[in-house]
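Everything below concerns the one structure shown next.
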Amino acid sequence: MSEAWAAVLVVGAGTAVIKAVGPVGVAGRRLPRRVDELLEMLAPAILAALVVTETFGQGRAIALDARLAGVAAGLVAIALRAPIWLVVVVGGVATALVRLVS
């Protein structure tokens, strides 16, 4: 298992624990609005960090290869409001084409 997948599993388990303990600790009280807003942004930020790390990281170096083309094609598909399954397919096809050519 790679370190990235281990991190995903640890973060996932930590999230589950926090979600389980949260209602007990807060006990019906509302969190401050600022804390609530920060918690809402946490999961997308962690997901974005994992995507960037897996896309551009190769060991301790930065790798700009076919994966970059796949992410770029996926971003274009998102900008064109394609459904998520099509975004994934477009990204995969773009990556495969670049690998085929290079």
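The values are calculated or read from the model by the stated rules, or taken from the named source; none is laboratory data. Note that the structure is predicted; figures quoted are calculated from it, not measured. Neighbour counts run over all protein chains shown; Cβ positions are idealised from the backbone, glycine included. We work out accessible area using only protein heavy atoms, side chains counted, and drop any ligands, DNA or RNA first. Shrake-Rupley method; radii C 1.70, N 1.55, O 1.52, S 1.80 Å.
With helices as the sole contributors, the chain gives -27000 deg cm²/dmol at 222 nm; each DSSP H run of n ≥ 4 counts as -39500 (n - 2.57), and the sum is divided by every residue. For the chain, the per residue solvent-accessible surface stands at 80 Å², with DNA, RNA and ligands left out and a 1.4 Å probe. For the chain, the carbon plus sulfur part of the accessible surface works out to 73%, probe radius 1.4 Å. Ordering 30-36, 66-72, 2-8 by mean Cβ neighbour count within 10 Å, with the highest value first, yields 66-72, 2-8, 30-36. Assuming a ≥ b ≥ c are the square roots of the Cα gyration tensor eigenvalues, decide whether the range 36-102 counts as rounded (a/c under 1.5), prolate (otherwise, with a/b larger than b/c) or oblate. Verdict is oblate for the range 36-102.
Under unit Cβ charges (Lys, Arg +1; Asp, Glu -1), what dipole magnitude, rounded to 20 debye, does the chain have relative to its Cα centre? Taking the Cα centre of the chain as origin, the dipole is about 260 debye.
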